[in-house]
Amino acid sequence: MSESEQTYDEGRARNLEALLRALATRILELDREGRLLDQAGELMKLTGDIRSELFHYEVRITYDTPEVAENRRIVSEAENQKDSKWEKSEWTADEDEEKEW
(Lines give C-alpha, C1' and ligand atoms only; values in the text may rest on other atoms or scores of the structure.)
Protein backbone atom coordinates (compact mmCIF):
# COMPACT_ATOMS: atom_id res chain seq x y z
CA MET A 1 0.00 0.00 0.00
CA SER A 2 1.51 3.33 -1.01
CA GLU A 3 1.77 6.19 1.48
CA SER A 4 -0.96 8.11 -0.38
CA GLU A 5 -3.33 5.17 0.19
CA GLN A 6 -2.38 5.06 3.88
CA THR A 7 -3.17 8.70 4.59
CA TYR A 8 -6.31 10.76 4.10
CA ASP A 9 -5.69 13.62 1.67
CA GLU A 10 -7.44 17.00 1.64
CA GLY A 11 -9.60 16.15 -1.37
CA ARG A 12 -10.96 13.04 0.26
CA ALA A 13 -11.57 14.93 3.52
CA ARG A 14 -13.55 17.60 1.64
CA ASN A 15 -15.58 14.86 -0.03
CA LEU A 16 -16.40 13.33 3.36
CA GLU A 17 -17.46 16.73 4.67
CA ALA A 18 -19.71 17.16 1.63
CA LEU A 19 -21.28 13.73 2.25
CA LEU A 20 -21.98 14.63 5.87
CA ARG A 21 -23.48 17.99 4.92
CA ALA A 22 -25.65 16.34 2.26
CA LEU A 23 -26.95 13.85 4.82
CA ALA A 24 -27.68 16.65 7.30
CA THR A 25 -29.45 18.67 4.61
CA ARG A 26 -31.53 15.66 3.54
CA ILE A 27 -32.51 14.90 7.14
CA LEU A 28 -33.61 18.51 7.68
CA GLU A 29 -35.52 18.49 4.39
CA LEU A 30 -37.36 15.28 5.23
CA ASP A 31 -38.07 16.52 8.74
CA ARG A 32 -39.62 19.75 7.41
CA GLU A 33 -41.81 17.70 5.07
CA GLY A 34 -42.82 15.36 7.88
CA ARG A 35 -41.38 12.37 5.99
CA LEU A 36 -38.36 11.65 8.15
CA LEU A 37 -39.34 8.09 9.01
CA ASP A 38 -41.00 7.46 5.64
CA GLN A 39 -37.58 7.59 4.00
CA ALA A 40 -35.76 5.37 6.50
CA GLY A 41 -34.34 3.19 3.70
CA GLU A 42 -32.83 6.16 1.89
CA LEU A 43 -31.34 7.49 5.11
CA MET A 44 -29.91 4.09 6.01
CA LYS A 45 -28.21 3.86 2.61
CA LEU A 46 -26.75 7.36 2.93
CA THR A 47 -25.68 6.66 6.49
CA GLY A 48 -24.07 3.36 5.47
CA ASP A 49 -22.03 5.01 2.74
CA ILE A 50 -20.90 7.73 5.13
CA ARG A 51 -20.20 5.23 7.91
CA SER A 52 -17.84 3.35 5.63
CA GLU A 53 -16.03 6.54 4.64
CA LEU A 54 -15.85 7.70 8.27
CA PHE A 55 -14.19 4.39 9.16
CA HIS A 56 -11.56 4.93 6.45
CA TYR A 57 -11.06 8.49 7.68
CA GLU A 58 -10.54 7.39 11.27
CA VAL A 59 -8.09 4.64 10.31
CA ARG A 60 -6.09 6.72 7.87
CA ILE A 61 -6.01 9.95 9.85
CA THR A 62 -4.43 8.11 12.78
CA TYR A 63 -1.98 6.12 10.62
CA ASP A 64 1.66 6.81 11.38
CA THR A 65 3.99 6.66 8.43
CA PRO A 66 7.39 5.18 9.33
CA GLU A 67 8.84 8.70 9.47
CA VAL A 68 6.13 9.95 11.82
CA ALA A 69 6.52 6.88 14.05
CA GLU A 70 10.30 7.44 14.23
CA ASN A 71 9.83 11.13 15.07
CA ARG A 72 7.34 10.20 17.78
CA ARG A 73 9.86 7.70 19.22
CA ILE A 74 12.65 10.31 19.24
CA VAL A 75 10.47 12.88 20.99
CA SER A 76 9.31 10.35 23.56
CA GLU A 77 12.89 9.29 24.25
CA ALA A 78 13.99 12.92 24.66
CA GLU A 79 11.12 13.62 27.06
CA ASN A 80 12.05 10.56 29.13
CA GLN A 81 15.66 11.74 29.33
CA LYS A 82 14.54 15.22 30.37
CA ASP A 83 12.35 13.74 33.12
CA SER A 84 15.26 11.61 34.28
CA LYS A 85 17.54 14.66 34.52
CA TRP A 86 14.99 16.50 36.67
CA GLU A 87 14.88 13.56 39.07
CA LYS A 88 18.67 13.76 39.50
CA SER A 89 18.99 17.54 39.59
CA GLU A 90 21.05 19.44 42.14
CA TRP A 91 17.83 20.25 43.99
CA THR A 92 17.23 16.59 44.76
CA ALA A 93 19.15 15.29 47.73
CA ASP A 94 21.01 12.01 47.37
CA GLU A 95 20.29 9.26 49.87
CA ASP A 96 23.70 9.79 51.50
CA GLU A 97 23.04 13.51 52.00
CA GLU A 98 19.66 12.75 53.56
CA LYS A 99 21.32 10.50 56.13
CA GLU A 100 23.68 13.30 57.21
CA TRP A 101 20.79 15.71 57.91
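Odds and ends about this structure:
- Simple spin-label estimate for D49 and Q81 in nanometres, 7 Å along Cα-Cβ: 5.2 nm
- Solvent-accessible heavy-atom area per residue, rounded to whole Å², over the stretch 7-60 at 1.4 Å: 74 Å²
- FRET efficiency estimate (nearest 0.05) - Cβ-Cβ, I61 to R35, R0 25 angstrom: 0.10
The values are calculated or read from the model by the stated rules, or taken from the named source; none is laboratory data. Just so we're clear, the structure is a prediction, and the values are computed from it rather than from any experiment. We place every Cβ from the backbone using ideal geometry, glycine too, and count neighbours over all the protein chains shown. The accessibility values were calculated without ligands, DNA or RNA, using every heavy atom of the protein model including side chains. Shrake-Rupley method; radii C 1.70, N 1.55, O 1.52, S 1.80 Å.
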